[in-house]
């Protein structure tokens, strides 16, 4: 008997969570200064404001701080992209899997060159 849609979503959710860290950080460029750095918790929808961003930081400063904090947590860029997808659309979606092609660095470098 094939799995129901709910069972498929639950299986994808559990599979994706096994590959993700508990926490990572994300730079939200369109937010006002002081609210651009957000935390993402694996398995939870949405973003959590942090106190890491300062109003005097430039966008570059804040983005570099996010990279630094994720490096300290040993969160690779493709994993961070999967966490963002999960926070936005749910951790059951294919793009919340860090192994999904859309999260791979080669794909993102290629899409950046085209843009």
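Every number here is computed from the coordinates shown, using simple stated rules; none is lab data. For clarity, every value in this text was computed on a predicted model and none was experimentally measured. All Cβ positions, glycine included, derive from the backbone under ideal geometry; neighbour counts span all protein chains shown.
Of all residues being touching a helix residue (DSSP H, G or I) at 6+ places or on another chain (Cβ under 6 Å) and part of a strand (DSSP E or B) in region 1-36, which is surrounded by the most Cβ atoms within 10 Å (Cβ to Cβ)? Just the residue, please.
24
With the requirement that a residue be farther than 11 Å from residue 23 by Cβ, assigned to a helix (DSSP H, G or I) and touching a helix residue (DSSP H, G or I) at 6+ places or on another chain (Cβ under 9 Å), what does region 67-78 give you?
Listed by number, the residues that qualify are 67, 77, 78.
Taking the residues in region 37-49 that are surrounded by fewer than 17 Cβ atoms within 10 Å (Cβ to Cβ) and outside any loop (DSSP other than H, G, I, E, B) as candidates, determine which candidate is nearest to the chain's Cα centre (by Cα).
48
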